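Notes to accompany the following structure.
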Amino acid sequence: MQLNLHQNRHRNAITACDRHGIAVDQQVYAHSLIIGPEALHRDWPVSALEQITLASLQPVLDARPEILLIGTGARQQLPDVQLLQALLEHGVVAEFMHTAAACRTFNVLLDEQREVMAALIWQADIA
């Protein structure tokens, strides 16, 4: 799915999310990643919701965004309650959705100049 912003004035806009990968400013990544307006962590070693921990989200905790979007792959999944509680204790509000929706939502919030980050699980069957 091609994603278009009416105006790409952000360094880390997501330009596509499909079976080939997640494209950030036209560079395609065929693996999971964490993205923010000024940060891109290309080596996020998570391929399933169950692998997400506070330790794996350390780049997010360090950045302290207003909103964290978590793309859970080809379908929406909900996390363990303890993970949600731990994120809230660190001041992070997290929204869980399938990865394509997280990519679209990231761009909308980025365009609104919100403090947003996205932790995106990529899977080849995403689109």
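The values are calculated or read from the model by the stated rules, or taken from the named source; none is laboratory data. As the structure is a prediction and not an experimental result, all values here were calculated from the model. As a convention, Cβ positions derive from the backbone with ideal geometry for all residues, glycine included, and neighbour counts pool all protein chains shown.
Some observations on this one:
- Residues that are under 18 Å from Leu33 (Cα atoms) and of a type outside the set (Gly, Ala, Ser) within the range 110-127 comprise Leu110, Glu115, Val116, Met117, Leu120, Ile121, Trp122, Gln123, Asp125, Ile126, listed in sequence order.
- Residue check, Ile34 within 21 Å of Ala13 (Cα to Cα) and touching a helix residue (DSSP H, G or I) at 6+ places or on another chain (Cβ under 7 Å): yes
- Filter result for the condition that a residue is in a strand (DSSP E or B) and either touching a Cys at 6+ places or on another chain (Cβ under 9 Å) or at negative phi (or both), over Ile70, Ile126: Ile70
- Matching residues, the range 71-127, being among the small types (Gly, Ala, Ser) and touching a strand residue (DSSP E or B) at 6+ places or on another chain (Cβ under 6 Å): Gly71, Ala94, Ala100, Ala102, Ala118, Ala119, Ala127
- Residue match in the range 96-107 (condition: assigned to a loop (DSSP other than H, G, I, E, B), modelled with pLDDT of 95 or more, touching a Lys or Arg at 6+ places or on another chain (Cβ under 9 Å) and not hydroxyl-bearing (Ser, Thr, Tyr)): yes
- Some residue of the range 52-60 being crowded, with 20+ Cβ neighbours inside 10 Å, at pLDDT 95 or above and not in a loop (DSSP other than H, G, I, E, B): yes
- Top-ranked residue of the range 16-43 - restricted to ones that are touching a Pro at 6+ places or on another chain (Cβ under 8 Å) and assigned to a loop (DSSP other than H, G, I, E, B), ranked as nearest to Pro65 (Cα to Cα): Gly36
- Unmet criterion (only one of (1) assigned to a loop (DSSP other than H, G, I, E, B); (2) small (Gly, Ala, Ser); (3) modelled with pLDDT of 95 or more) for Ala118: (1)
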